[in-house]
Structures are given as structure tokens and as C-alpha cells.
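Since the structure comes first, as C-alpha cells, the remarks are kept for the end.
The values are calculated or read from the model by the stated rules, or taken from the named source; none is laboratory data. Keep in mind the model is a prediction, meaning the values are calculated, not measured. Every residue, glycine among them, receives a Cβ derived from its backbone with ideal geometry; neighbour counts consider all protein chains shown. Note: areas computed on protein heavy atoms with side chains; ligands, DNA, RNA excluded. Shrake-Rupley method; radii C 1.70, N 1.55, O 1.52, S 1.80 Å.
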Amino acid sequence: MLSSGPKRVAAIHDLSGFGRCSLTVILPVLSAMGVQACPVPTAVLSTHTGGLGEVVTRDLTDFIRPCLEHYRQLELSFDAVYSGFLNSEDQIDHCLEFFKAYPDSLIVVDPVMGDHGKAYRTCTKQLQERMSELVAQASLITPNLTEAAILLREDYCYQPLTRSQARSMLAKLSEMGPGMVVITGVQLSTGEIANLGYDRNRNAYWYTPCDQVPASYPGTGDMYASVLVGGLLTGDSLSVAMARATSFLELAVKTTFSYGTDPRYGVMLETALSWLTHKEILKNYKIL
Ligand code: PXL
């Protein structure tokens, strides 16, 4: 059978002009992987909110519903609907409408709420509480450890996780709805920092260890999740998509660190992007 062409994703995220996060990294990553990304911006910001001063913001809550209506009129289909940073509680309802409109698509929820044990200042308690409604509809979620704790209504764990604690956290998140769960940036008691994955259909647990540098960059979660989405839509299994995303982030982060740039400016996506056009299968995952 002839291919129907590139897969198409509706990407519901904010557009932060400077600082390399959200749509400014998600669009190039998906394009480089041969996937068509259609942005549905939730807000426009001058920069991300991670320490670059007073951010200029325009909320786009009232854009999402008419945007979906237009796509419906056009009878557009999407292979995936992928949500991330939301700017208001009402945007939860609008994402739910998007998900409902495309029941056969891969629903990916990156529950962007915080990092390093703390919620972002834009992420209200109400938004945190309602994020589980999106998670319940998702095929795949990609929280970091902070967001996983918020979703599970647990305290953030500063101690390294044992393998059985890691597996239990993945399984509990999966019980909230999604068949695939990936948790990023987890310190394991083996001494490794890793991304963890669970595929409920197969009852399989994976992890992909990664080298760390002593710096933290915004937008890495967005890059990681978009490589996962691109991989899954172009034939990767979950563990191979995780290996691809982890290797790419390692390359981008280590390259950036070597230049000693201001971490708030994000990772040098531009220098790393061409690596994503390689199609070889990666297998540097381990069984958790
Ligand atoms: O990368 C997550 C993210 C997305 N959007 C905005 C942010 C952040 C993280 O700081 O500030 C606006």
C-alpha cells in the first residue's frame, strides 16, 4: 500500500519567544523527524518563566475552541494530539474537547507543572488538580519526577528510587489512565540518572540511563517528549523511542554545556537537530 505521507500532530503548547522551550523546540524536532506539527498555541510569552525577569504574556484560552471548530469544518485528521504547558484551568476543558474530537489518535499529555520539586508559578493549585483529567484520557504521559509526585498527590522524593519504587510509581501513574508512562530525570539507587518507561499492554518496564552535566536547562522535557512522539509516530517501539530521545537530549545538553552558555537560554537545539534525521534503531535501553 502507498504511504499516506507524513503523520500529523496537533501540538497544544505555549509559544515562548526566547529560551528554547515549548513550541519553539517542539516544531523543529517533529519536522526534523518527518512529522507534520500543527501548533495550537495556549499563550504567547516573551520568554519562558524560568528566571528571565518580568515575562510579557498573552493568554490564548479563547483561541483553542474556535481553532478546533475550524479543523472540524476542514475534516482534518490528526495522528496524535499532544498537549503541554497550559495557561489557564479552562484550557483543560479545551484539551479534553480536542482529545474527544480525535478518539483514534495517539493522545500524549506532557503534564507541564513544575520541576526540581516545585510547581511553576504559573501553575495554580486548580490547574494541578485538574491535570489528572487530561492524564485519564492519555495514551502516553511524560511527567518529570516533580510532576509525577503532583499527579500522585505524593511528596516529591529527594532520595534515589529503588527499582521497585520506580516500577510502582510508573504503575500507579498508569492506573490513572495512560497505557504508556515515561518519567524523566529520575535518580536511581543504582547511582544512575535515568528516564523510566512502562508499557501496560506488555507489562514491560524500561529505563534509559543518561550522563548528567552540572547544569539544568529549560525546555529539555519538551524536546524529550517531542522526540518520543516523533519516534512513536514513525515506527519506534516505546523503548526505542525512549533510547532515541535520551540519546538526543544527551547530545544537545552536553554540546550546550561545553560552550558554557547561560543555562536560562536553553539548549543549542540548532547544532543538534540534524542528528534526528538519522533513522537507525537505537537499543541503549535497559530492563527495569
Ligand atoms: O518547558 C516547560 C515550559 C513551557 N512553557 C513555559 C515555561 C516552561 C518552563 O519553565 O516557562 C512558558
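Couple of notes before you dig in:
- Paramagnetic reach from residue 171 in the range 223-241 [backbone N under 12 Å; point 7 Å along Cα→Cβ]: none
- Centroid-to-centroid, using Cα positions, the range 187-231 and the range 54-75 are 30 Å apart.
- Most to least accessible of 285, 217 (protein chains only, probe 1.4 Å): 285, 217
- Using a probe of 1.4 Å, the accessible surface attributed to residue 153 totals some 150 Å² when neighbouring protein chains are kept in position.
- Rounded to the nearest 10 Å², the accessible area of residue 224 at probe 1.4 Å: 10
- Label point of residue 211 set 7 angstrom out along Cα-Cβ; within the range 137-154, no amide nitrogen lies under 18 Å from it.
- Built amide H within the under 5 Å cut-off of residue 7, gap 5+: 36
- Loop-resident GluC sites (Glu not before Pro) (DSSP state other than H, G, I, E or B) in the range 70-123 with no more than 11 further Cβ atoms inside 10 Å of their Cβ: 75.
- When only Cα pairs below 8 angstrom with a gap of at least 6 residues are kept, the range 47-147 shows a relative contact order of 27 percent.
- Annotation: extensible slack from residue 126 through residue 65 equals 19.9 nm (criterion: 0.36 nm per residue apart, minus Cα-Cα distance).
- Helix-only mean residue ellipticity at 222 nm for the chain, each DSSP H run of n ≥ 4 adding -39500 (n - 2.57), per residue, nearest 500: -11500 deg cm²/dmol
- Where both bridge residues fall in the range 7-287, DSSP classifies roughly 45% of the beta bridges as antiparallel.
- Accessible-area composition of the chain, carbon plus sulfur, in percent [1.4 Å probe]: 52
- Largest to smallest in accessible area, the residues 155, 79, 222 fall in the order 155, 79, 222 (1.4 Å probe, all protein chains included).
- Over the range 106-233, accessible surface divided per residue gives 40 Å², non-protein components excluded, 1.4 Å probe.
- Rounded D (µm²/s) - the range 7-287, Kirkwood Rh over Cα pairs, Stokes-Einstein at 4 °C, 1.567 mPa s: 69
- Helices meeting the span-like rule in the chain (full DSSP H runs, Cα extent of at least 30 Å along the helix axis, mean Kyte-Doolittle score of -0.5 or higher): 238-259.
- Cross-link partners of residue 7 among lysines, defined as those whose alpha carbon lies under 28 angstrom from its own and excluding same-chain residues fewer than eight positions apart: 100, 279, 283.
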